[in-house]
Structure formats: structure tokens, C-alpha cells
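Input: a single structure, listed below in C-alpha cells.
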Amino acid sequence: MSVSRRRFFGFTAAALAPIHQFTAAALAPIHQAATHKTRAAREVGGTMYVGTYGDGIGIATYDGRGTITATGSIAGVADPSFVIRSGNFLYAVNEQDVGEVTAIDIAGIPKILNRRPNNGSGPCHLAKIGDHLLTANYGSGDIAVHPINADGSLGQQTDLVKHEGSGPHAHQVVQAGDYVLAVDLGTDSIYTYTLAGGKLTLQHQAKVQAGAGPRHLVFHPSGRYAYVADELDSTVTVCGYADGVVTPLATQPTAPAGPQNYPGEIVVSADGAFVYVTNRGHNTIAVFRTNGAELEPIGTPGCGGDWPRHCAFDPSGRLLFVANQKSNNIATFLVDQTSGGLTQAGDFSTPTPVCVNV
């Protein structure tokens, strides 16, 4: 039986309301600054795509101060809870019991190219690896593979690999050089695959602490370490990594003892000095300083809302956007790149944000 992640913790996500009627004019940047300093701040920014539960992907712009402005939406994409961008294309999961993935051309006015069933349930994460799109299906506990055509559209599925064990819940798929890693919350495992000819071949399985519930991982820029956000026991597992083999080394709690807490997203600064983890329940961002195979906790500032599901740096690394699912807002934080500290600088209201792509 499939499991709805929207009901997993006893709540139902609100339906997505339209952000704006999308128009071609919304694609053009707007500069209204009165001074050169303000103009410069606005010119450093970009486009944001917001994954949600409901119908449609939100579109917004942000400036160098972290101010977010809604500019439109892409309708006709059901429950796009995770969205990635590759050049002029967006790819989104359709996180429903009968899972699908959607390809969108964003070179001009956004246009849905096609949608493919992935023969799994509850797809919640995806990654473009070479000329293939891989999807992690939470409900059915498997990884789906689709080829990407030259025009950005998706071809027929070429593989579907089921994770073995009790109650598998595939939660993330990422590339690691020549390998593909899949994180599974249900089996407390990180699987290593190779991908060739559209087919996955298992190479290694690493087990974290039983009951930890690994959700997402991120690599240190050196490639020697991976940090895993454990959803069910509110920890981060530090792992060594070499040639496809993940080796758990140590764990750190992400929040003080107290109310139940479920880590959501984990990111690392571009220089590898700091790791950030969203705490759903404690409603904070756990900040760690990296030190080889160790993480040093340095603070848990508030997340600017309720239930911080996802977060993402802007390309400069100076801004961190936090999607607060239950309070229907995206909080913007200025990142002190020396101390790792966070200072909230903005608050953008939008229905059920669960993924921020910048």
C-alpha cells in the first residue's frame, strides 16, 4: 500500500492557490531603484521556482537583498513537490499515488513538454544524471529511470529498481561521480548504483543507525565526506566516501531535546565550512562548522516560519531560502560566510512551499 507523505505526520497540505496569472511580461526583470547602490542590489538575483502540493509551480524573482517577488505560475503540474532546473528545462515530480514526472521548457513562456508515468508511487525527489532523469519513489520504495530526449522531453522508462527490505521508502537520488546514490528512509540505507544504458546496477549498500530514517545527503566539496539528514531520530550522520562506498562514521543531534523533530533538507556552503539542516518541529536551522569527519554545532536560529521542509542557497552563497510548508512562506536569510550565522532578511507568502529552486 502506498504511503502519502502529506499525511505521514498527521496533516494535510493546503491546496495551491494561483500565485499570479502568468504573462510574457513577467519574464522581464524590473529595475525601479533610485540609486546606483539599490540598482546593484536588485541586479544581483535571479529566478526562483517553487515546488508545492497542489496544482502548479510558482515562479518568482529575487534580488541581491533576498526580496522575492511573485511573477507567475506554471499550471497543469500536479503536486510538484520537488523541482530541478537544467538549462532551459525544468523537471518536476508529480507526488501522487500513481507517480509521474513532468518536463517543462522554460526558454520563453513556460511550456509543458510531456509527462511520463514512472510506475511507482509518491515520487519525491529527482536528479538529472547524464542524459537520464532518475526519480526516488517514496511510497513504493524504488528508483525510476527515464531517458531525456534532445528536445528536453522524457522518453519511455528504461528501469525501475525496487529497494529490498522492510518498508522501503526511497527519498533521494544524487550523482556522485561515476556512481548514483539513493537514500532510503525505510531501510535505513544508502545504495550505490552504476548507470549504463538506462539501467541501474547495485554496487554497495551502506546502513546507518537503525531507525534513523535517512532522508537527504549532501557532499562536502572535497568529496571525502557526505552528511546525511536523518528524519526519524533527528540527527546528522557524517559518512566517509570513496569510490562509491559510503561509510557511516558519527552522528550529531540537529536540535535540543524537546518536542518531536524531523530534519528536512541539508545543504553545505560552497567552501565546505558549514552545514545547514532544516528542523521541522523545532522550527529552526541547525548550523554546524565542519572539521574533517566531525561537525561542530554552532547554533539553531529560527527558521522564520513553521515546518521548514526545504532550503537552498542562491548561486552566490550569500542568501539562504527556507520553504516553510505549514506557515505558507519562504524566509530569506543573509549568510555570514565567515561565521556561518544567519540573519533573516525577507519573508515571502506563498501557498504550501515545499521546494525552492534557484
Problem - Amide hydrogen neighbours beyond the local backbone of L133, cut-off 5 Å, H modeled - result: H146, I148
Completion exercise
For the stretch 296-308, in residue order, the Karplus 3J(HN,Hα) values (coefficients 6.51, -1.76, 1.60; θ = phi - 60°; whole Hz; Gly and Pro = x) are 9, x, 10, x, 9, x, x, 8, x, x, 10, 6, x
Fill in the blank from the handout: With +1 at each Lys and Arg Cβ and -1 at each Asp and Glu Cβ, the charge dipole magnitude of the chain around its Cα centre, to the nearest 20 debye, comes out at 580 debye
Practice task
First select every other residue whose beta carbon is under 12 angstrom from the beta carbon of I57; then total the charges, Lys and Arg +1, Asp and Glu -1.
Solution key: -1
Completion exercise
If the chain between R289 and A257 were fully extended at 0.36 nm per residue, the gain over the current Cα-Cα distance would be 9.5 nm
Exercise for the section: Give me the orientation-averaged projected area of the Cα convex hull of the chain, in nm², one decimal. Expected result: 16.6 nm²
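Just the number please: accessible area per residue for the chain, 1.4 Å probe, all protein chains included, in Å².
39 Å²
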Handout entry: Cα-derived Rg over Rh, computed across the stretch 155-297 with Rh taken as Kirkwood radius
Key = 0.98
Handout entry: Check: the stretch 120-185 dipole with +1 on Lys, Arg Cβ and -1 on Asp, Glu Cβ, in debye
Key = 140 debye
Practice task
Would you kindly derive the ³J(HN,Hα) couplings of the stretch 344-352 from the backbone phi angles with the Karplus curve 6.51 cos²θ - 1.76 cosθ + 1.60 (θ = phi - 60°), listing them in order in whole Hz, with x for Gly and Pro?
Solution key: 5, 10, x, 8, 10, 7, 7, x, 6
Exercise for the section: Would you mind working out the magnitude of the charge dipole of the stretch 179-265 relative to its Cα centre, with +1 at each Lys and Arg C-beta and -1 at each Asp and Glu C-beta, to the nearest 20 Debye? Expected result: 220 debye
Handout entry: Fully extended contour minus Cα-Cα distance, from Q205 to D97, at 0.36 nm per residue
Key = 36.2 nm
Exercise for the section: Can you tell me how much longer the chain between I112 and R224 gets when fully stretched, taken as 0.36 nm per residue apart minus their C-alpha distance, in nm with one decimal? Expected result: 36.5 nm
Completion exercise
By the Kirkwood definition, with r running over pairs of different Cα atoms, the stretch 85-183 has a hydrodynamic radius in Å of 13.4 Å
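The values are calculated or read from the model by the stated rules, or taken from the named source; none is laboratory data. Predicted model, so just to flag it, every value in this text is computed and none were measured. Note: ideal-geometry Cβ built from the backbone for every residue, glycine included; neighbour counts use all protein chains shown. Remember, those area values only see protein heavy atoms, side chains included, never the ligands or the DNA or RNA. Shrake-Rupley method; radii C 1.70, N 1.55, O 1.52, S 1.80 Å.
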